[in-house]
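Asks: One structure follows; several queries about it will come next.
The values are calculated or read from the model by the stated rules, or taken from the named source; none is laboratory data. Nothing here was measured: the structure is a model prediction, and the numbers come from that model. A quick note on method: Cβ atoms are made from the backbone with ideal geometry, for glycine too, and the neighbour counts reach across all protein chains shown.
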Amino acid sequence: MHRSAYIFLLLTTLLWGGNSVAGKLAVDHVSPMTLVFLRWVLAVAIMLPIGWKTIQKDWPVVRKHWFVLVALGASGFTLFNTIFYTALNYTTAINVSIEQAAMPILKDAGIPVITIGVRTESLTDRRAKTGWPVYRLGPRGDDERNAIASALTHLWQNELFAIIDDGTIYGREIVETLRAAAEQAALKPVFVDTFRPQLDNQIGMIGRLKKAGATHVFAGGDGDDIAIMGRDAAQLQAGIVFAG
């Protein structure tokens, strides 16, 4: 083997390992997305002059499969590195490097990787495809809304219930899951709406719920807003039971 091969192999290892160290130093000053953007802008600026002739030669193939290449770039470069740099906010560069490098070895050895509290579904959803023995101890991101939907469709079968949310992604996801489950169970809410969060009172919303005849209300939103609704419902003697 030529001496240059050893040099290039050493540089490859150094640059690959240096990514974790550089990322750890940078995440305290810039966001993971900004770091990913700057990294690949720099990479394109360096590699474009070197690989331009090859790109021109392969351009017909690239253009034919552009969608697949964009998808691979978005997942393999953008998403992976964003998660990679985000992880550096919570652990050391050494831990990140070791875990990343060990994944194929752990897979071949059949050693399971346990994730505690990680809510990224793709880590475990891809287990059958990748063969990586990754298991979850913490809840999935959709566990909460599925549990709510299962419980309330059982408990509120004979109740006049309403479903409201605060307009946030979190609130809407829970509400939509509950609505879908209620529809499958042949249950129909008497009132569905969006409320304005962070108000000093929710008397207007309570009045509308009372007018609709709702006796039970699920509110997809912040606990403080739901507490205010409970207070106002008690003042108006609405007799409404809240969940959220």
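Asks: Considering only residues of segment 87-99 that are buried (at least 16 other Cβ atoms within 10 Å of the Cβ) and under 22 Å from the mean Cα position of the chain (by Cα), which is farthest from SER20 (Cα to Cα)?
Replies: ALA87
Asks: What pairs come out if I take residues in segment 1-28 that are assigned to a helix (DSSP H, G or I) and pair them with residues that are surrounded by 10 or more Cβ atoms within 10 Å (Cβ to Cβ) and among the charged types (D, E, K, R) whose C-beta lies under 9 Å away, six or more apart or interchain?
Replies: Going by the 9 Å Cβ cut-off, the qualifying pairs are ASN19/ARG39; ALA22/ARG39; GLY23/ARG39.
Asks: Another question about this same structure. List the helices (runs of 4 or more DSSP H) inside segment 63-152, counting only whole elements, that have at least 3 residues being at pLDDT 80 or above. If you could, list the steps in order and put the result at the bottom.
Replies: Values: elements: 66-73, 80-87, 93-109, 122-125, 127-130.
The qualifying helices (runs of 4 or more DSSP H) are 66-73, 80-87, 93-109.
Asks: Related question: Suppose we filter segment 161-184 for residues that are in a loop (DSSP other than H, G, I, E, B) and either surrounded by fewer than 15 Cβ atoms within 10 Å (Cβ to Cβ) or at positive phi (or both); how many remain?
Replies: Taking segment 161-184 first, the residues in a loop (DSSP other than H, G, I, E, B) are 166-168.
Checking which are either surrounded by fewer than 15 Cβ atoms within 10 Å (Cβ to Cβ) or at positive phi (or both) leaves us with 167-168.
The total comes to 2.
Asks: Write out, first by first residue and then by second, each pair whose Cβ atoms fall under 9 Å of each other, whose residues are 6+ apart or on separate chains, and whose first residue, in segment 58-85, is in the same structural domain as GLY17 (by TED's automatic domain parsing) while the second is assigned to a helix (DSSP H, G or I) and small (Gly, Ala, Ser).
Replies: LEU79/SER122; ASN81/GLY23; PHE84/SER20; PHE84/GLY23; TYR85/GLY23; TYR85/ALA26
Asks: Give the number of residues within segment 185-205 that are more than 13 Å from GLY230 (Cα to Cα) and part of a loop (DSSP other than H, G, I, E, B).
Replies: 11
Asks: Here is a further query. From the list GLN198, GLN202, GLN157, which residue is under 22 Å from ALA238 (Cβ atoms), at pLDDT below 90 and in the same structural domain as ASP225 (by TED's automatic domain parsing)?
Replies: Every option except GLN198 fails the conditions.
Asks: Among the residues of segment 57-67, which ones are surrounded by 10 or more Cβ atoms within 10 Å (Cβ to Cβ) and not charged (D, E, K, R)?
Replies: Correct list: TRP59, VAL61, VAL62, HIS65, TRP66.
Asks: Just the residues that are in a helix (DSSP H, G or I) and in contact with a Gly (Cβ under 8 Å, 6 or more places away or on another chain), please, taken from segment 206-234. Write out each step before concluding.
Replies: Restricting attention to segment 206-234, the residues satisfying the condition of being in a helix (DSSP H, G or I) are 206-212, 223-234.
Passing the criteria: GLY223, ILE226, ALA233.
Asks: Of the residues that make up segment 147-158, is at least one surrounded by 15 or more Cβ atoms within 10 Å (Cβ to Cβ) and either of a type in the set (D, E, K, R) or free of Cβ contacts under 8 Å to residues at least 24 places away in the same chain (or both)? Don't jump to the end; show me each part of the working.
Replies: So the first thing to find is which residues in segment 147-158 are surrounded by 15 or more Cβ atoms within 10 Å (Cβ to Cβ), and the list is 148-149, 152-153, 156.
From what's left, either of a type in the set (D, E, K, R) or free of Cβ contacts under 8 Å to residues at least 24 places away in the same chain (or both): none.
No: zero hits.
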